[in-house]
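Novice: Please see the structure below; I have some questions.
The values are calculated or read from the model by the stated rules, or taken from the named source; none is laboratory data. Keep in mind it's a predicted model, so treat the numbers as computed, not measured. All Cβ positions, even for glycine, are placed from backbone atoms using ideal geometry, and neighbour counts span all protein chains on display.
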Amino acid sequence: MIVNLETVHKGIFILLFFFLFIATVVFIERLLYLFFTFPAEKRLLRKEVEGSSPTSAEALYYTYSEKLERGKGVLMFVITASPLTGLLGTVLGIMDSFSKMAQKGVSDIGEVSKGIAFALEATALGIAIALIALAYYYAVGGLIKKKRGELRKVILNTLNEKEEA
């Protein structure tokens with residue numbers, strides 16, 4: 001069975017752009033959660049801590065902390081998978097170039113250079129998408145660290161208020 005390499009090349013680029021889309025969606029969702037939903041959850045956490053013991057408050061902290069971490073695994077997957085997909089495109093592009101050289105000889109430089117150009121484009125795109133996803137990952141990670149500190153303050157302040165009352 002002969003595989004149409006043009007179709008495979010398009011598939012590689014579609015997959016890489018899909019990775020970029022998924023990473024961007026996760027990044028935007030996390031930002032929306034951290035800036036719009038999280039403040040309401042802090043108020044809910046305060047009410048839950050008021051009616052619980054210190055041990056339960058610790059469990060609540062970990063429950064809310066886990067909510068903050070959602071989506072980071074997807075970003076890590078994109079960071080890992082996009083350069084590997086670009087590398088797959090590189091291998092396929094070089095294979096295509098050698099195949100063209102075997103069929104038509106080195107004299108048809110136009111056909112040979114198409115495979116090499118695809119190889120370079122796939123590599124560059126895979127690395128660029130990984131870098132974008134890495135920036136998303138660290139931006140979200142910094143915000144999560146800050147919000148986790150806010151959770152601690154809410155719980156400690158609420159427990160201190162309970163003790164004083």
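Novice: In region 16-37, what residues are crowded, with 17+ Cβ neighbours inside 10 Å and either more than 20 Å from Y138 (Cα to Cα) or aromatic (F, W, Y) (or both)?
Specialist: Listed by number, the residues that qualify are L16, F19, F27, Y33.
Novice: Inspect all residues belonging to region 67-79 and state whether any of them is within 30 Å of A130 (Cβ to Cβ), outside any helix (DSSP H, G or I), in contact (Cβ under 8 Å) with a residue 40 or more places away in the chain and not hydrophobic (A, V, I, L, M, F, W, C).
Specialist: Applying the first criterion (within 30 Å of A130 (Cβ to Cβ)) to region 67-79 yields 67-79.
Subsequent filtering for residues that are outside any helix (DSSP H, G or I) retains 70-71.
After this cut, where a residue has to be in contact (Cβ under 8 Å) with a residue 40 or more places away in the chain as well, the list is 70-71.
Cutting the leftovers down to not hydrophobic (A, V, I, L, M, F, W, C) gives us 70-71.
Yes, region 67-79 has at least one match.
Novice: Here is a further query. Taking K10 and the conditions (1) free of Cβ contacts under 8 Å to residues at least 12 places away in the same chain; (2) farther than 17 Å from L120 by Cβ, which numbered condition does it fall short on, given that it satisfies the others?
Specialist: The failed condition is (2).
Novice: I've got another one for you. Give the residue that is surrounded by the fewest Cβ atoms within 10 Å (Cβ to Cβ), with candidates limited to residues of region 104-141 that are within 15 Å of E6 (Cβ to Cβ) and acidic (D, E).
Specialist: This residue is E111.
Novice: Could you pull out the residue among K162, K145 that is basic (K, R) and surrounded by 15 or more Cβ atoms within 10 Å (Cβ to Cβ)? Reasoning before the result, please.
Specialist: Working: K145 fails: surrounded by 15 or more Cβ atoms within 10 Å (Cβ to Cβ).
Criteria check complete, one pass: K162.
Novice: Would you confirm whether any residue within region 46-53 is surrounded by fewer than 13 Cβ atoms within 10 Å (Cβ to Cβ), more than 24 Å from the chain's Cα centre (by Cα) and among the polar types (S, T, N, Q)? Write out each step before concluding.
Specialist: Here is the first cut: in region 46-53, the ones surrounded by fewer than 13 Cβ atoms within 10 Å (Cβ to Cβ) are 47, 51, 53.
Filter once more, keeping what is more than 24 Å from the chain's Cα centre (by Cα): 47, 51, 53.
Still in the running and among the polar types (S, T, N, Q): 53.
Looking through region 46-53, at least one residue is surrounded by fewer than 13 Cβ atoms within 10 Å (Cβ to Cβ), more than 24 Å from the chain's Cα centre (by Cα) and among the polar types (S, T, N, Q).
Novice: Just wondering, is there one or more residues in region 31-54 that are under 22 Å from G149 (Cα atoms), free of Cβ contacts under 8 Å to residues at least 24 places away in the same chain, touching a helix residue (DSSP H, G or I) at 6+ places or on another chain (Cβ under 9 Å) and not in a helix (DSSP H, G or I)?
Specialist: Yes, the conditions are met somewhere in region 31-54.
Novice: For E6, all conditions in the list (1) among the acidic types (D, E); (2) more than 23 Å from K146 (Cα to Cα); (3) surrounded by 13 or more Cβ atoms within 10 Å (Cβ to Cβ) hold save one; what is the number of the exception?
Specialist: (3)
Novice: Residues of region 1-16 being at pLDDT 95 or above and small (G, A, S), which ones?
Specialist: Within region 1-16, no residue meets the criteria.
Novice: What about L32, is it in contact with a Gly (Cβ under 7 Å, 6 or more places away or on another chain) and at pLDDT 90 or above?
Specialist: On the way: in contact with a Gly (Cβ under 7 Å, 6 or more places away or on another chain): no; at pLDDT 90 or above: yes.
So L32 fails the test.
Novice: Okay, next question. Condition check: touching a residue at least 12 places away in the same chain (Cβ under 8 Å), within 21 Å of T63 (Cβ to Cβ) and in contact with a Phe, Trp or Tyr (Cβ under 9 Å, 6 or more places away or on another chain). Does L125 satisfy that?
Specialist: Numbers: touching a residue at least 12 places away in the same chain (Cβ under 8 Å): yes; within 21 Å of T63 (Cβ to Cβ): no; in contact with a Phe, Trp or Tyr (Cβ under 9 Å, 6 or more places away or on another chain): yes.
Considered against the rule, which asks whether it is touching a residue at least 12 places away in the same chain (Cβ under 8 Å), within 21 Å of T63 (Cβ to Cβ) and in contact with a Phe, Trp or Tyr (Cβ under 9 Å, 6 or more places away or on another chain), L125 comes out as no.
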